[in-house]
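The values are calculated or read from the model by the stated rules, or taken from the named source; none is laboratory data. Quick caveat, the model's predicted, so the values are computed rather than measured. For neighbour counting, all protein chains shown are included, and Cβ atoms are generated from backbone atoms with ideal geometry for every residue, glycine included. Quick note on the areas: whole protein, heavy atoms, side chains included, nothing else; ligands and nucleic acids left out. Shrake-Rupley method; radii C 1.70, N 1.55, O 1.52, S 1.80 Å.
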Amino acid sequence: MDKILAQRVIDRLSAGKFPALFTHVRPDGDALGSLLGLAHALRDRGQSPSLHVEGGMIPMYRFLPGQELIQEIPDQFPAKADGFVVLDTSTRERVGKKTADWKQPVDVVVDHHISNPGFATLNLIVPEIPATAGVLFRLFEMAGWKISPSTATCLYAGLSTDTGSFRYRGTDAQTLRIAASLVELGADPSDIAKHCYLSITQERYQL
């Protein structure tokens, strides 16, 4: 991870009192875990982020702490917001249809997709880490920010789901070290696995 760029991202995330956080449409575990993980870290610093997802919260991830904070994307960029942050989203279009005509520039992108062209003022894209949640962990570690059990739970869920429960080829020693650190910080692998892999609605089963 580029330390100079990472520090600029840390400085920008620290600058706003009311940053607006977004992730991609049809969010997965990494998208929601990263969104909530960053929100918890910022709230622990006294900031008041707003969280926005097209379509709102996905039912299967409602076990994640702070899920009630996630809102539908508004028609206009939030007037109170002093930062536009996008997580785990490879293109500007994937933020959501309502945002397509917004004139507000994206301030920060944090992502791990190598295909991301970099559509923000600051683009922290780290493809060697197989989940945006892992990129955020390294960023918080570098910043010296508190990682609470709630933050750790959200980041672990993101890391676990985007690596196929640590089965995909991108899973390496660094990935497992991040996972171990998150467990030490309060994430419960058994409980997270139960919700992500062992609980399924009748509708999802039929699909």
In region 15-58, anything among the polar types (S, T, N, Q) and touching a residue at least 60 places away in the same chain (Cβ under 8 Å) is listed as Thr23, Ser34
- Does Ser181 satisfy being open to solvent by 10 Å² or more (accessible area, probe 1.4 Å), closer than 23 Å to His24 by Cα and either touching a Gly at 6+ places or on another chain (Cβ under 9 Å) or assigned to a helix (DSSP H, G or I) (or both)? no
Going through region 153-169 in order, the residues found to be without any contact (Cβ under 8 Å) to a residue 60 or more places away in the chain and open to solvent by less than 30 Å² (accessible area, probe 1.4 Å) are Thr163, Gly164
When restricted to Lys103, Lys146, Lys98, Lys80, the only residue of a type in the set (D, E, K, R), within 20 Å of Ser48 (Cβ to Cβ) and more than 18 Å from the chain's Cα centre (by Cα) is Lys80
In region 3-23, is there at least one residue being closer than 20 Å to His112 by Cβ and polar (S, T, N, Q)? yes
